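All remarks here apply to the structure that follows.
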Amino acid sequence: MTKTPSHAALSAPSPWVSRFVGQIPAGGQVLDLACGGGRHTRLLRRHGFPVTAVDIDPSRLADPAGDPEIEVIAADLEAGAGWPLAGRTFAGVVVTNYLHRPILADIVGAVAPGGVLIYETFAAGNERFGKPNNPDFLLRPNELLEVVLPNLTVIAYEHGEEREPKPAVRQKICAVRAVT
C-alpha cells in the first residue's frame, strides 16, 4: 500500500530549503520564484528576510496581506514576455518544483555577489512515479550543475530518488556567488 502524503506534508517547507536557508546573508532580499501557496515565503519571513514572491497566480499565496516585507509580483514566466526581474539581484533565490529552461540563466543571474541559490525540482526518472513526466519539466542528469558552475560555487548537490513527501526523482543544488 502506497502512503499518500498529507496536505500538511506537501505544504511544509522543503527540507532542502530549510537546510540551507541559513546560508543566505542576513537581512538580504530573497526571491521566492514560482512561489505557489507561499510555503517558502513564510519560511523566509520567519528567518527575517524580506521576500519578493513571484507566481503566475499570486492569489494562491497565503497570508501576504499586511506584511510590508513581502513584495508580490504576478508574472507568467513562460509567456515569453521576458524576465520580470531584469536588473534586480537577490541575497537568496529559492526555486522548488519548477523548471522553465529559457529562464535558467536569468535565475542564476539574479543571485547577488555573496548570494545563495537554493533550487530543487524533478529530474529524469520521475516518470515512473507520475507527474511531472514530460521531459520538458524534468532536469537531465547534472543539468543544475551545468547551469550554475560557470558562475556559482556549489555548496551541495544531490540527484536521486526520494520517498518523502512522495516518491520522486529530484535534483537539488545550493550554490553561492563569490563576492567580487
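The values are calculated or read from the model by the stated rules, or taken from the named source; none is laboratory data. Small disclaimer: the values here were computed from a predicted structure and weren't measured. When we count neighbours, we look across all protein chains shown, and the Cβ atoms used for this are built from the backbone with ideal geometry, even at glycine.
Of the candidates 104, 44, 77, the single residue that is at pLDDT below 95 and not small (Gly, Ala, Ser) is 77. Quick one: is residue 157 touching a residue at least 24 places away in the same chain (Cβ under 8 Å), part of a strand (DSSP E or B) and hydroxyl-bearing (Ser, Thr, Tyr)? So residue 157 fails the test.
Restricting the stretch 112-139 to residues that are assigned to a loop (DSSP other than H, G, I, E, B) and within 17 Å of the chain's Cα centre (by Cα) leaves a set whose member that is nearest to residue 87 (Cα to Cα) is 138. Among the residues making up the stretch 72-90, those that are assigned to a loop (DSSP other than H, G, I, E, B), surrounded by fewer than 19 Cβ atoms within 10 Å (Cβ to Cβ) and not β-branched (Val, Ile, Thr) are 75, 76, 78, 79, 80, 81, 82, 83, 84, 86, 87, 88. Evaluated against (1) out of contact with any Gly (no Cβ under 6 Å at 6 or more places or on another chain); (2) closer than 17 Å to residue 97 by Cα; (3) among the hydrophobic types (A, V, I, L, M, F, W, C); (4) crowded, with 16+ Cβ neighbours inside 10 Å, residue 169 falls short on exactly one condition, (1). Restricting attention to the stretch 13-35, the residues that are under 12 Å from the mean Cα position of the chain (by Cα) and in a loop (DSSP other than H, G, I, E, B) total 4.
It is to be established whether one or more residues within the stretch 91-98 are among the polar types (S, T, N, Q), assigned to a helix (DSSP H, G or I) and within 15 Å of the chain's Cα centre (by Cα).
At the first step, the residues of the stretch 91-98 found to be among the polar types (S, T, N, Q) are 96-97.
Remaining after also requiring assigned to a helix (DSSP H, G or I): none.
The answer is no; no qualifying residue exists.
Of all residues in the stretch 56-94, exactly one satisfies the criterion of being under 23 Å from residue 113 (Cβ atoms) and hydroxyl-bearing (Ser, Thr, Tyr), namely 89. Residues in the stretch 112-149 that are crowded, with 20+ Cβ neighbours inside 10 Å and over 22 Å from residue 29 (Cα atoms): 121, 122, 123, 126, 138, 139, 144, 147. Would you point out the residue of the stretch 59-71, among those that are assigned to a loop (DSSP other than H, G, I, E, B) and of a type in the set (Asp, Glu), that is modelled with the lowest pLDDT? Of everything passing the filter in the stretch 59-71, 63 is modelled with the lowest pLDDT.
Residues of the stretch 160-180 being touching a residue at least 12 places away in the same chain (Cβ under 8 Å), assigned to a strand (DSSP E or B) and of a type in the set (D, E, K, R), which ones? Give the steps one after another, and end with the answer.
Within the stretch 160-180, the subset touching a residue at least 12 places away in the same chain (Cβ under 8 Å) is 161, 164-180.
Keeping just the survivors that are assigned to a strand (DSSP E or B) gives 161, 168-176.
Within the stretch 160-180, 161, 170, 172 qualify.
Among the residues that make up the stretch 37-58, is at least one of them surrounded by 22 or more Cβ atoms within 10 Å (Cβ to Cβ), within 16 Å of the chain's Cα centre (by Cα), outside any loop (DSSP other than H, G, I, E, B) and small (Gly, Ala, Ser)? Looking through the stretch 37-58, at least one residue is surrounded by 22 or more Cβ atoms within 10 Å (Cβ to Cβ), within 16 Å of the chain's Cα centre (by Cα), outside any loop (DSSP other than H, G, I, E, B) and small (Gly, Ala, Ser).
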